[in-house]
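These notes are about the structure you will find just below.
Every number here is computed from the coordinates shown, using simple stated rules; none is lab data. These numbers were taken from a predicted model, which means no experiment stands behind them. Because the Cβ atoms are built from the backbone with ideal geometry, glycine has one as well, and the counts that use them run over all protein chains shown.
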Ligand code: FAD
Ligand code: ZN
């Protein structure tokens, strides 16, 4: 029997897609950076079906590409150009299996959309604290497989910190059932960790038990003008003292980046009349009274102004104003794409070395004709998105992009940093991994891949460089 016929017997003919037109949205990414071809796309509806799909592909020697919401930025969910890979879509596995309010956990299938999980948590008076601009499309399985970050990592951690249990279909079709909602569990190796951030190269995530937290009753948002990015380090340190772990977001934005948003996005307006070379958008959240939080933030900011850590600050006076502040931050990618040819980076360095990282990268602007640098980042995590922009149509752009990226990545690695902080490696950074990973680390990665996927059928060509 052909593989397609076997797959149809497992999931039904309607859930094995082979026509080029129907496959189109699944074989390229939303930014149009990566595209490939697929033998077919299969849509299982249950873990047992995923297991049978994987076993059938393994018998036929067919490589598989797990796909969630296809919102990733590194080409991890896109098949290669060969037209022989099978895309395994988790879209039909979108059931919430259960919410345990007393345990503060929710058990979900991997295809659940992040926003749905957020809604279910809210309905139970809880918060699932993963905040991504892609929440309306990205799936829990995708956020787990990329170990997604976002703006609230500062307080609640990456996806890795939010996963208590996991269910994974292994490359040979066996099911690893570790759907435990335990906060303490030292019974041997923590196997689930291998699959978090593995970008579908070690198995297919089919379910997860996620941590919930009490829903904050109060939140406060402020936009702050700063003299330098060193001042931003001083400000976060000061506010952590003043607010404790109520500080939930601390986003750094350079003046050219803010100006690009104001120029390109209709309906946006300047958060403060002041001009400044650096800006911070920050948020605090608390389960206590709104007034207490407002007072604490106000007082913390006043002290910061007195101490010269900030030039000016504006606290949002309404939910609407807070949303307007956040819109400036969330419009960064759209504004940059309208400005020119964008080469974005996803580096991290120790928080203390962020100013040095930015200063060294700024040196690149003088060396590459036409290059503009926009800086936006999650300062509290040391995760800076250094965005390099060339004028559209500049000759030799591809070569220039490679050269600039290599330099940015080497600067980060030289400061003890990473070239893949929150978006993953996929196909885009695979061949640069050695910039920030030692031969021993790469060797262990290859060994793990061989152990869990001896036939090399799980998302081949992604993450792990050839040895
Ligand atoms: P996909 O793109 O479908 O897949 C991503 C990778 O995971 C691929 O390698 C794929 O093979 C694998 N995969 C998917 N599902 C499974 C599964 N069930 N089992 C095994 N492997 C699987 N990321 C951040 O970290 N922080 C941000 O702030 C952020 N903001 C974003 C804002 C926007 C507007 C967009 C479009 C993206 C943003 N992202 C951000 C990117 C982020 O990686 C994704 O939104 C999300 O984590 C990927 O989920 P997905 O379901 O779309 O995965
Ligand atoms: Zn980010």
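May I ask you to list the residues in segment 144-196 that are away from ligand 1 (no atom under 11 Å from the Cβ) and part of a strand (DSSP E or B)?
163, 164, 165, 170, 175, 176, 177, 178
When both residues are 6+ apart or on different chains and their Cβ atoms are under 8 Å apart, which pairs have a first residue that lies in segment 21-49 and is free of Cβ contacts under 8 Å to residues at least 40 places away in the same chain and under 28 Å from residue 207 (Cβ atoms), and a second that is more than 16 Å from ligand 2 (Cβ to nearest atom) and assigned to a helix (DSSP H, G or I)?
Every condition considered, the pairs that remain are 49/10; 49/11.
Of all residues in segment 428-456, count the ones that are assigned to a loop (DSSP other than H, G, I, E, B), more than 16 Å from ligand 2 (Cβ to nearest atom) and crowded, with 20+ Cβ neighbours inside 10 Å. Give the derivation first.
From segment 428-456, those assigned to a loop (DSSP other than H, G, I, E, B) are 428-429, 436-438, 453-456; that's our starting set.
Filter once more, so that each one left must be more than 16 Å from ligand 2 (Cβ to nearest atom): 436-438, 453-456.
Filter once more, keeping what is crowded, with 20+ Cβ neighbours inside 10 Å: 436, 453.
The total comes to 2.
Mind counting the residues in segment 180-201 that are touching a strand residue (DSSP E or B) at 6+ places or on another chain (Cβ under 7 Å) and either farther than 26 Å from residue 214 by Cβ or buried (at least 19 other Cβ atoms within 10 Å of the Cβ) (or both)?
6
Within segment 378-408, which residues are free of Cβ contacts under 8 Å to residues at least 60 places away in the same chain, within 23 Å of residue 252 (Cβ to Cβ) and in a helix (DSSP H, G or I)?
Matches in segment 378-408: 407 only.
Could you please give the count of residues in segment 122-139 that are surrounded by fewer than 22 Cβ atoms within 10 Å (Cβ to Cβ), more than 16 Å from ligand 2 (Cβ to nearest atom) and on the phi < 0 side of the Ramachandran plot?
Number of matching residues: 7.
Select, from 281, 297, 328, the only residue that is touching a helix residue (DSSP H, G or I) at 6+ places or on another chain (Cβ under 8 Å), closer than 22 Å to residue 129 by Cα, touching a residue at least 40 places away in the same chain (Cβ under 8 Å) and away from ligand 2 (no atom under 16 Å from the Cβ).
From the options 281, 297, 328, the qualifying one is 297.
Would you list the strands (runs of 3 or more DSSP E) that sit entirely within segment 231-326 and hold 3 or more residues that are buried (at least 23 other Cβ atoms within 10 Å of the Cβ)?
Details: elements: 247-254, 278-286, 312-315.
So the answer is 247-254, 278-286.
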